[in-house]
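The values are calculated or read from the model by the stated rules, or taken from the named source; none is laboratory data. It should be emphasised that the depicted structure is a prediction, and the values quoted were computed from it without experimental measurement. Here the Cβ positions follow ideal geometry from the backbone for every residue, glycine too, while neighbour counts run over all protein chains shown. Quick note on the areas: whole protein, heavy atoms, side chains included, nothing else; ligands and nucleic acids left out. Shrake-Rupley method; radii C 1.70, N 1.55, O 1.52, S 1.80 Å.
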Amino acid sequence: MLNQGVLIMAKTTTGSIPIGIRCNCKWMSDIGDLAAFAKENGFECVDTGAWAPEQIKALSDAGVALGTVDLPEPWSELAAVDSARRTAAVDRCVDYVKSVYEYGARVFFVCPFGDDAAENRQTAMDHAIAGYGRLCEQIAGLPGGGAKIVLEGWPGPAPNFPVLACTPEGYRTIIEGTGAANLGVNFDPSHLIRMGIDPVRFLEEFVSASFHVHGKDTEILGENLYEYGTLQTAVAPPSISFGETYWRYTIPGHGCTRWGKLLGILADAGYGGSISIELEDMNFNGTEEGEKRGFIASRDFLVHA
């Protein structure tokens with residue numbers, strides 16, 4: 001706990017950016033316990049799944065701000081080949097956004113999957129531009145400034161890696177294609193590092209469109225990189241949770257990310273969002289005690305980065 005139980009909101013020294021957490025652990029399903037953990041440890045906001053409105057309200061009533069809220073799945077329907085399916089998906093997402101908007105939900109999270117893994121990528125992107133463009137248009141004018149959509153840069157599962165916006169080219173194409181000012185980036189350096197993309201250069205280009213940040217890192221396993229390379233399936237692959245042969249996700253500070261540089265870019269741009277710790281690290285995940293230690297260690301690193 002911070003300061004022996006006295007509530008002090010954790011913020012980065014560089015830029016005074018509030019630090020939050022993303023709900024991806026089983027013990028977080030108890031909203032009372034989740035809110036208590038967040039407040040006792042200075043986490044200003046919580047990112048949730050596509051929870052029912054009454055659950056979102058309960059978290060808000062408990063005094064915890066919302067970071068992002070997931071759009072309802074299946075996310076691939078927003079890029080459906082069939083226009084009627086796309087329209088139905090947009091309507092479903094608009095209805096959900098409106099149902100939780102009154103409780104403080106303003107930023108909505110989604111991985112922009114294509115509809116068909118075998119579909120031509122340009123065609124899939126055209127469908128996504130149509131779906132996300134319509135969705136963003138319908139939620140932009142909500143009272144109080146409107147809602148935003150942030151696209152998560154996880155490439156998706158192998159072998160097709162079907163998420164359409166995870167590289168600079170993909171993000172640039174969908175953001176420019178929709179022309180929507182409320183469509184932006186969920187900046188997560190961990191995914192960029194595993195793909196070989198410089199997160200500093202990426203943030204320099206996309207900082208004005210970065211509406212939310214994930215506190216997660218990636219370690220490149222040098223010996224494994226030599227042993228297995230980056231392309232082929234290994235004969236006897238090592239067992240690596242939250243990773244593959246030559247890389248693994250980690251808490252901030254245990255990977256390759258230049259956090260001080262990134263925070264400086266965000267601060268210079270006047271970033272007004274938060275950094276939510278997404279805990280995916282084999283050294284901490286698996287037990288409630290370990291996961292809580294992981295969130296706190298991540299917080300402590302980011303405060304001083």
Can you name the condition, by its number, that Gly63 falls short on among (1) out of contact with any helix residue (DSSP H, G or I) (no Cβ under 7 Å at 6 or more places or on another chain); (2) on the phi > 0 side of the Ramachandran plot? (1)
Might you check whether a residue that is crowded, with 17+ Cβ neighbours inside 10 Å and farther than 20 Å from Leu183 by Cα occurs anywhere in the range 74-82? no
Tell me yes or no: at least one residue of the range 198-208 is assigned to a helix (DSSP H, G or I), closer than 22 Å to Gly114 by Cα and open to solvent by 20 Å² or more (accessible area, probe 1.4 Å). no
Out of everything in the range 220-236 that is out of contact with any Phe, Trp or Tyr (no Cβ under 7 Å at 6 or more places or on another chain) and not polar (S, T, N, Q), what residue ends up being most open to solvent (accessible area, probe 1.4 Å)? Tyr226
Which one of the conditions (1) open to solvent by 60 Å² or more (accessible area, probe 1.4 Å); (2) closer than 18 Å to His191 by Cβ does Glu289 fail to meet, given that it meets all the rest? (2)
Mind listing whichever residues of the range 10-37 are open to solvent by less than 10 Å² (accessible area, probe 1.4 Å) and touching a residue at least 60 places away in the same chain (Cβ under 8 Å)? Ala10, Thr12, Ile17, Ile19, Gly20, Ile21
Just wondering, is there one or more residues in the range 140-162 that are assigned to a helix (DSSP H, G or I), more than 20 Å from Gly272 (Cβ to Cβ) and open to solvent by less than 60 Å² (accessible area, probe 1.4 Å)? no
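Yes/no matrix, rows are residues, columns are (1) more than 22 Å from the chain's Cα centre (by Cα); (2) touching a residue at least 40 places away in the same chain (Cβ under 8 Å):
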residue	(1), (2)
His212	no, yes
Glu219	no, no
Glu223	yes, no
Tyr226	yes, no
Tyr249	no, yes
Arg258	no, yes
Leu263	no, yes
Any idea which residue in the range 100-139 is modelled with the lowest pLDDT, counting only those that are of a type in the set (A, V, I, L, M), over 27 Å from Pro199 (Cα atoms) and open to solvent by 40 Å² or more (accessible area, probe 1.4 Å)? Ala118
Limited to the range 263-293, what total is found for residues that are farther than 19 Å from Glu152 by Cβ, in contact with a strand residue (DSSP E or B) (Cβ under 8 Å, 6 or more places away or on another chain) and not in a loop (DSSP other than H, G, I, E, B)? 0
Among the residues of the range 57-78, the number that are under 12 Å from Gly32 (Cα atoms) and aliphatic (A, V, I, L, M) is 4
Give the residue, chosen from Glu73, Glu40, Glu44, that is under 18 Å from the mean Cα position of the chain (by Cα) and touching a residue at least 24 places away in the same chain (Cβ under 8 Å). Glu44
Tally up the residues in the range 163-173 that are polar (S, T, N, Q) and either open to solvent by less than 40 Å² (accessible area, probe 1.4 Å) or in a helix (DSSP H, G or I) (or both), please. 1
Checklist (1) closer than 21 Å to Gly67 by Cα; (2) small (Gly, Ala, Ser); (3) surrounded by 21 or more Cβ atoms within 10 Å (Cβ to Cβ) applied to Gly272, failing item: (3)
If we ask which residues in the range 40-54 are surrounded by fewer than 18 Cβ atoms within 10 Å (Cβ to Cβ) and either closer than 14 Å to Phe295 by Cβ or polar (S, T, N, Q) (or both), their number turns out to be 1
